[in-house]
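Read-outs: derived from the displayed coordinates by stated rules, not from any lab. Quantities reported herein were computed from a predicted structural model and do not represent experimental measurements. With ideal geometry, Cβ positions are generated from the backbone for all residues, glycine too; neighbour counts draw on all protein chains shown.
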Amino acid sequence: MKNTMPENPKVKEVLRRFEQLKAERTVYEGPWQNIRHLVRPGTSDFTTYQSPGSTRTDNIYDGTAPQALRDLASALQTNLVNPTDRWFSLETQDMRRLKDDQESLEWLDVASDIMFDEYANPAVNHQSAMHEIFLDIGAFGTGTVYQEWNPASGHLLFRTYPLAGTHIAENNKGLVDTMYRFCQFTRRQLEQEFGKENLPRQVIENTDETRQWEVIHAVYPRADRNPAKYTPENMRFASCWVLKEHGHLLKEGGFKSFPYHVVRWEKLAGEVYGRGPAINCLPDIRMLNKMEFTLLKMAQKVADPPIIAPNDGFLGQVKTFPGAVMYKEPGSDPLDVLELKANLPYAEEKAEQKRDTIRSAFFSEWVKLERKKARQTAYEISEKIEEQLRM
């Protein structure tokens, strides 16, 4: 059955804008797919598709870049949002007025502890989301965390979404204020998220429980609102959930503030998406991967070299496995090994130079905390961390 254009003008505009943002992002997807293959295999594809559960590391012959990315992400998480130390504090706009107000200072400190306890709650998923976003910004230069309130648990909920499904736009200040996120739901998940009464007939009557339905979540600044009203339809940011295939509006609401935290490592003028350490050394990563593939073949040939045998000197096939017995004609030439002139030490030296370049791009000198003393005071450790963050 041929799909018709949705009659709802709001849905039509969401689908139009989504396709526009998707087309604008195409130029980034080639390098991103290479990074997905060689550096960040544990995320979604951009230009290809792999079924769930399939092996995603077949293209990696050298693990330097993936390991350097994991080290960088762990170091950022430890130094910025350490789960064992309260990494933030609350202040007022003018803290000088409170310097002698001990009661107010204690209140701010207690409130900070309460907030930290909330972030540390496993149900909030803060630490897992932070680790994922640090991996994304180190690999692609752009990461997205979604923050919402979970009524089921009575806590905040943080979730990191793959870059492959997120499409963003900036306002006139260069800040991201628009998100069109592509995702998939089964019929059961659609019923849980939006309620059966809000689903179109085509979804309700479909009996395939494994089918994935394509959904777009659009969050953008709302122009036609009444600031005096505090209803979801009059909040600063509109929120529209659209079933893509049938052009059906699943849910409409709003947010007081932008719920997607979009982080970018560094950004070139005129570009919307960020650039991370991996994109800056992608040529070296690709070169090292090919060099390591060639080195493996060279080493295999040295360990198990080709054999030169006379055309008709042996009875049966030549056997090379341990304990093999071969019969040859009397007077025929013996087997000989093909001499290979591969310079493995030189090749390995050049590969190690590429590894050093990649580690440097991922700030390996910074992420490895130098242990100058067997024991350090808390102040010394704090000073060391601040020095590293400044670097």
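Using Cα pairs closer than 8 Å and at least 6 residues apart in sequence, work out the relative contact order for the chain, in percent.
Computed over the chain, the figure is 16 percent.
Volume per residue, Å³, of the convex hull around the alpha-carbon atoms of the range 256-295?
Considering the Cα atoms of the range 256-295, their hull volume per residue is 85 Å³.
Using the Karplus curve 6.51 cos²θ - 1.76 cosθ + 1.60 with θ = phi - 60°, work out ³J(HN,Hα) for each residue of the range 102-115 in order, rounded to whole Hz, and write x for Gly and Pro.
Residue by residue, the range 102-115 yields 5, 5, 5, 5, 5, 4, 4, 5, 5, 4, 5, 5, 5, 5 Hz.
Long-range amide H contacts for residue 245: which residues qualify at under 5 Å (H placed 1.01 Å from N, peptide plane, sequence gap of 5 or more or a different chain)?
For residue 245, whose amide H was placed from the backbone, the distant partners under 5 Å are 214.
Starting from the Cα of residue 382, step 7 Å along the direction of its Cβ; do the same at residue 184; then give the gap between the two resulting points in nm.
4.9
Please report Rg (one decimal) and Dmax (integer) in Å for the Cα set of the range 137-290.
18.5, 62
Take the Cα coordinates of the range 76-189, assign each an equal point scatterer, and use the Debye formula without solvent to give log10 I(q)/I(0) at q = 0.10, 0.12, 0.16, 0.22 Å⁻¹.
Cα-only, vacuum Debye calculation for the range 76-189: -0.45, -0.62, -0.97, -1.25.
Stokes-Einstein D for the chain at 20 °C, 1.002 mPa s, Kirkwood Rh over Cα pairs, in µm²/s?
In µm²/s, the coefficient is 83.
Which net charge results when you count Lys and Arg as +1 and Asp and Glu as -1 among the other residues whose beta-carbon is under 14 Å from that of residue 211?
-3
Grab the eigenvalues of the alpha-carbon gyration tensor for the range 20-110, scale each by 5, take roots, and send me the semi-axes largest first in whole angstrom.
45, 19, 11
Over the range 1-62, with a single point scatterer placed on each C-alpha, what log10 of the ratio I(q)/I(0) does the Debye formula yield at q = 0.21, 0.27 1/Å?
Result of the Debye calculation: -0.86, -1.09.
Highest mean first, how do 8-19, 47-58 rank when packing is the count of other Cβ atoms within 10 Å averaged over residues?
8-19, 47-58
In nm, what is the difference between 0.36 nm times the number of residues separating residue 104 and residue 210 and their Cα-Cα distance?
Between residue 104 and residue 210, full extension yields an extra 32.6 nm.
Residue by residue through the range 188-198, which ³J(HN,Hα) values in whole Hz follow from phi under the Karplus form 6.51 cos²θ - 1.76 cosθ + 1.60 (θ = phi - 60°), with glycine and proline marked x?
4, 5, 5, 5, 5, 7, 10, x, 4, 5, 9
Say the dipole of the range 119-233 comes from +1 at the beta carbon of Lys and Arg and -1 at that of Asp and Glu; which of 138, 232, 206 then lies farthest toward its positive end?
Ranked along the dipole, the leading option is 232.
Using a cut-off of 9 Å between beta-carbons, work out the net charge of the residues near residue 351 (Lys and Arg +1, Asp and Glu -1, residue 351 not included).
Net charge around residue 351: -2.
What chymotrypsin sites (Phe, Trp or Tyr not before Pro) does the range 173-255 have in DSSP loop regions with at most 10 other beta carbons within 10 Å?
230
Suppose every K and R has +1 on its Cβ and every D and E has -1 on its Cβ; what is the size of the dipole of the range 1-116 about the Cα centre, in Debye to the nearest 20?
The calculation lands at about 880 debye.
Karplus couplings for the range 120-132 from phi (6.51 cos²θ - 1.76 cosθ + 1.60, θ = phi - 60°), rounded to Hz, Gly and Pro as x?
6, 5, x, 5, 6, 6, 5, 5, 5, 5, 5, 5, 5
Quick one: dipole size for the chain, taken about the Cα centre, charges +1 on Lys/Arg Cβ and -1 on Asp/Glu Cβ, in debye to the nearest 20.
780
Dipole of the chain (Lys/Arg Cβ +1, Asp/Glu Cβ -1, origin at the Cα centre): which of 366, 53, 254 lies farthest to the positive side?
Highest projection toward the positive end goes to 254.
Using only alpha carbon pairs under 8 Å that are at least six residues apart, calculate the relative contact order of the range 195-273 and give it in whole percent.
24
If one computes P(r) from the Cα atoms of the range 129-191, what percent of pairs lie at distances over 14 Å?
That fraction is 68 percent.
Taking amide hydrogens as modeled 1.01 Å from N in the peptide plane, which residues meet the under 5 Å criterion relative to residue 276, leaving out close sequence neighbours?
Placed amide hydrogens put 141 under 5 Å from residue 276.
Rounded, prolate or oblate: which fits the range 1-160, taking a ≥ b ≥ c as square roots of the Cα gyration tensor eigenvalues, rounded meaning a/c under 1.5, else prolate when a/b beats b/c?
The shape class here is oblate.
How charged is the neighbourhood of residue 299? Take every other residue with its Cβ under 13 Å from the Cβ of residue 299, and add Lys/Arg as +1 and Asp/Glu as -1.
Result for the neighbourhood of residue 299: -1.
Give me, ordered by chain and number, the residues 5 or more places off residue 328 or on other chains with an amide H under 5 Å from its own placed amide H.
Amide H to amide H, under 5 Å and 5 or more residues apart or across chains, residue 328 pairs with 315.
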